[in-house]
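*Asks:* One structure, as structure tokens, below. Some questions next.
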Amino acid sequence: MSESARANGVTDWLRGALPKLVLSPSIAIVLVFVYGFILFTIFLSFTDSRILPSFGLVGWQNYERLFSLRNWGIAVKNLFIFGSLYIAICCVLGLLLAILLDQKIRTEGFIRTIYLYPMALSFIVTGTAWKWFLDPGIGLQAVVRSWGWESFTFEWIKDSDMAIYTIVIAAVWQTSGFVMAMFLAGLRGIDNEVMKAAQIDGASTFALYRRIVIPQLRPAFMSAFVVLAHMAIKSYDLVVALTGGGPGTATEMPATFMYSYTFTRNQMGIGAASAVIMLMMIAAIIVPYLWSELREKPQ
């Protein structure tokens, strides 16, 4: 074999191996620090771990204790209330905003930027800002009373029955713009010829959206549902910054429960079990969605 042929072979090998060499450190890090720790957490959920990880297996005992705890029941109930309202309001508000911007208004770019700006903030910043705004001593209630409306009362953040709805308000404020962008992209992808044909046939605006537009936004609705459900299940920083899980356990969520039992109450086994349940919740949403998106459509 000539020197040039050998050099060309080495060059071809390097060209083929270079992407693998560049990506291999990232892949190794993901395998170890993401999937490796997921497997380790699953293992810990079957052990008697407390302050530190332990290797004494106790079977399903941690899961049995988890589902017998009152705080876990409260956390799941709060997640259901928060998740249902959060997803529903974000979808409705996002769709209405998208329809508004789809009318080709003159200041569309400026308005879209305003709606999307909250998504650029972290949930810690959002929670802190809304905590100040909702605080009866310095927020909305104090300002309105300083204007002369002395009987005005808005103390949801300190009311155990209403505090969960303050988290819904803050979360919707931050995420509805993102959902709007998803729906707006879907609206811009609808064939205008179909819309014009329906209008010529005498379809009203309401019937146009109900029978043509909204059905064609099904992929956008599915994507929004998956993203919002995932964010609702793992909600932690917003809850901590806004209410701290209180008053009492009124805004306890599975994520705050997991942190509390793992790092505050030194019940690592139970905390790991709750983390596994959260993982199963997310997988129950994402896996069917990915399967429906990736499966081959029949010819």
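*Asks:* Of the residues that sit in the range 38-55 and are open to solvent by 40 Å² or more (accessible area, probe 1.4 Å) and in a helix (DSSP H, G or I), which one is nearest to Arg265 (Cα to Cα)?
*Replies:* In this case the residue turns out to be Thr41.
*Asks:* Now, a different point. If I go through the range 147-168 residue by residue, how many of them are part of a helix (DSSP H, G or I), in contact with a Phe, Trp or Tyr (Cβ under 7 Å, 6 or more places away or on another chain) and open to solvent by less than 80 Å² (accessible area, probe 1.4 Å)?
*Replies:* Here the count works out to 6.
*Asks:* So is Asn62 closer than 22 Å to Ile157 by Cβ and in contact with a Ser or Thr (Cβ under 7 Å, 6 or more places away or on another chain) or not?
*Replies:* Against the criterion (closer than 22 Å to Ile157 by Cβ and in contact with a Ser or Thr (Cβ under 7 Å, 6 or more places away or on another chain)), Asn62 does not qualify.
*Asks:* A further question follows. Among the residues of the range 167-209, which ones are closer than 30 Å to Val240 by Cα and of a type in the set (Ser, Thr, Tyr)?
*Replies:* Thr175, Ser176
*Asks:* For residues that are open to solvent by 40 Å² or more (accessible area, probe 1.4 Å) and aromatic (Phe, Trp, Tyr), scanning just the range 56-89, find the one that is nearest to Ala250 (Cα to Cα).
*Replies:* Phe80
*Asks:* Inspect all residues belonging to the range 25-37 and state whether any of them is in a helix (DSSP H, G or I), without any contact (Cβ under 8 Å) to a residue 24 or more places away in the chain, of a type in the set (Gly, Ala, Ser) and under 27 Å from Ile164 (Cβ atoms).
*Replies:* Looking through the range 25-37, none of the residues is in a helix (DSSP H, G or I), without any contact (Cβ under 8 Å) to a residue 24 or more places away in the chain, of a type in the set (Gly, Ala, Ser) and under 27 Å from Ile164 (Cβ atoms).
*Asks:* Just to be sure I understand, how many residues within the range 238-260 are part of a helix (DSSP H, G or I) and either over 21 Å from Leu279 (Cα atoms) or touching a Ser or Thr at 6+ places or on another chain (Cβ under 7 Å) (or both)?
*Replies:* Number satisfying all stated conditions: 9.
*Asks:* Is it true that some residue in the range 141-150 is in contact with a Gly (Cβ under 6 Å, 6 or more places away or on another chain) and of a type outside the set (A, V, I, L, M, F, W, C)?
*Replies:* Within the range 141-150 (the criterion being in contact with a Gly (Cβ under 6 Å, 6 or more places away or on another chain) and of a type outside the set (A, V, I, L, M, F, W, C)), the answer is no, since none of the residues qualifies.
*Asks:* Hey, among the residues in the range 143-175 that are aromatic (Phe, Trp, Tyr) and in contact (Cβ under 8 Å) with a residue 40 or more places away in the chain, which one's farthest from Leu116 (Cα to Cα)?
*Replies:* Filtering the range 143-175 for residues that are aromatic (Phe, Trp, Tyr) and in contact (Cβ under 8 Å) with a residue 40 or more places away in the chain, the one farthest from Leu116 (Cα to Cα) comes out as Tyr165.
*Asks:* OK, next. How about the range 242-299: which of its residues are in contact (Cβ under 8 Å) with a residue 60 or more places away in the chain, open to solvent by 50 Å² or more (accessible area, probe 1.4 Å) and of a type in the set (D, E, K, R)?
*Replies:* Once the filter is applied, which keeps residues that are in contact (Cβ under 8 Å) with a residue 60 or more places away in the chain, open to solvent by 50 Å² or more (accessible area, probe 1.4 Å) and of a type in the set (D, E, K, R), the range 242-299 yields nothing.
*Asks:* On to the next question. Going through the range 94-118 one residue at a time, which ones are open to solvent by less than 70 Å² (accessible area, probe 1.4 Å) and either under 23 Å from the mean Cα position of the chain (by Cα) or in contact (Cβ under 8 Å) with a residue 60 or more places away in the chain (or both)?
*Replies:* Gly94, Leu95, Leu97, Ala98, Ile99, Leu101, Asp102, Tyr115, Leu116, Pro118
*Asks:* If the Cβ limit is 6 Å and pairs must be 6+ apart or interchain, which residue in the range 130-141 that is within 16 Å of Trp173 (Cβ to Cβ) pairs with which residue that is open to solvent by less than 40 Å² (accessible area, probe 1.4 Å) and assigned to a helix (DSSP H, G or I)?
*Replies:* If the second residue must be open to solvent by less than 40 Å² (accessible area, probe 1.4 Å) and assigned to a helix (DSSP H, G or I), the pairs left are Trp130/Ala170; Trp130/Leu242; Lys131/Leu242; Leu134/Ile157; Leu134/Thr166.
*Asks:* Name the single residue that is nearest to Leu85 (Cα to Cα) among those in the range 169-222 being open to solvent by 80 Å² or more (accessible area, probe 1.4 Å) and under 28 Å from the mean Cα position of the chain (by Cα).
*Replies:* By that ranking, first place goes to Trp173.
The values are calculated or read from the model by the stated rules, or taken from the named source; none is laboratory data. Remember, predicted model here, so these are calculated numbers, not experimental data. Neighbour counts run over all protein chains shown; Cβ positions are idealised from the backbone, glycine included. Remember, those area values only see protein heavy atoms, side chains included, never the ligands or the DNA or RNA. Shrake-Rupley method; radii C 1.70, N 1.55, O 1.52, S 1.80 Å.
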